[in-house]
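Engineer: Pasting a structure below so you can have a look.
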Amino acid sequence: MEPTKVVKMLQDTLQSKVKEVEKPKTENVLDKIKSNLTLFKKLLLWWLIPRSRTAVSRREQTKSLMIKYFDGMRYGYRNLARLMQQEGYIPDQELLFYLKNDEVRQILDKRSPRILMRAKRRRQMYDYMDKLTFPEFIIGYPKPDDVNEIQEKLDLVSQIKGFTVCNGVVKGTAKVIHSYEEVNTIQKGDILITHATDIGWSPYFPLLSGVVTEIGGLISHGAVVAREYNLPCIIGAENATLIFNSGESVLLNATEGTLTKVAAAS
């Protein structure tokens, strides 16, 4: 990421006012459960709830450490790519990332134009392959979705439904993001609509007023962080990034699990 983008992100984050969310006590959580619980189940939940909170927190810490580990690996490979380019093994540094480890070893042992051509073909195919989408569940040989066909069916759709992970109702501007490279376009007050998030998105959450993801579970990254910031959030909103466009005015009713275009709602 470019330094200017990082600086802007930090400035926006510092300017945003983050509400401190007090975690409810275990006793209060039990009181909100509508089901009739036996004494044994109450005691079991009283024991499980704080440990589950700790487990979720440690899960996020594990993911953070894993990303830090991969960052170290990338640094090593970039250094290797720089040295290989200087010594004439590869024409440019980025090509290294389209080679397998055993292919890198083969090039270092004996220069191989055939392997370099293979890497160049992979790079040419990457942009096309990266844009392909697939059904969440696949039986048999994987076939990519026909985005144009799906888009035609969704053109008239003005509301979608997902699963609530954090209650609340908010009206705002949609920010549809298809890849992490676009994340720096987030503005304060935007309602994020994306396929999924990971820990790299965390610094931008204080800027958001709501979160919608196409996939995820109750302890997925987007759901966990949205609850931490008390942001209205729904997950499992299928095809949300195809139905909505950045700049549209939308109403996120996370309590009912819906996202609606305001023009259609009025």
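The values are calculated or read from the model by the stated rules, or taken from the named source; none is laboratory data. All figures in this text were calculated on a predicted structure; none of them were measured in a lab. Counting neighbours? That spans all protein chains shown, and the Cβs are built from the backbone with ideal geometry, glycine included. Only protein heavy atoms, including side chains, enter the accessible area calculation; ligands, DNA and RNA are left aside. Shrake-Rupley method; radii C 1.70, N 1.55, O 1.52, S 1.80 Å.
Engineer: Based on alpha-carbon centroids, what's the gap between segment 158-213 and segment 37-90 in Å, whole number please?
Structural biologist: 22
Engineer: By what distance, in whole Å, do the Cα atoms of the chain stretch along each of the three principal axes, largest value first?
Structural biologist: 71, 47, 47
Engineer: Once the cut-off is 18 Å, how many percent of the Cα-Cα pairs in segment 137-181 end up in the long-distance tail?
Structural biologist: Numbers: 617 of 990 pairs.
It works out to 62 percent of all Cα pairs.
Engineer: Could you provide, to the nearest whole Å², the per residue accessible area of segment 106-155 with probe 1.4 Å?
Structural biologist: With all protein chains present, segment 106-155 gives 92 Å² per residue.
Engineer: Moving on to the next point. For a 29 Å ceiling on Cα separation, which of these pairs sit above it: Lys188/Lys261; Lys63/Lys171; Lys25/Lys63; Lys32/Lys68?
Structural biologist: Lys63/Lys171; Lys32/Lys68
Engineer: Now a separate question. Determine Rg/Rh for segment 148-237; Rg is computed over alpha-carbon atoms and Rh is the Kirkwood hydrodynamic estimate from the same atoms.
Structural biologist: Working: Rg = 12.7 Å, Rh = 13.3 Å.
So for segment 148-237, dividing Rg by the Kirkwood Rh gives 0.95.
Engineer: Can you send over the carbon and sulfur percentage of the accessible area for segment 41-175, probe radius 1.4 Å, protein chains only?
Structural biologist: 57
Engineer: Sorting Asp198, Asp130, Asp145 by accessible area (1.4 Å probe), largest first, what list results?
Structural biologist: Accessible-area ranking of Asp198, Asp130, Asp145, largest first: Asp130, Asp198, Asp145.
Engineer: Between Val169 and Val7, what is the label-to-label distance in nm when each label sits 7 Å out along the Cα-to-Cβ direction?
Structural biologist: 4.3
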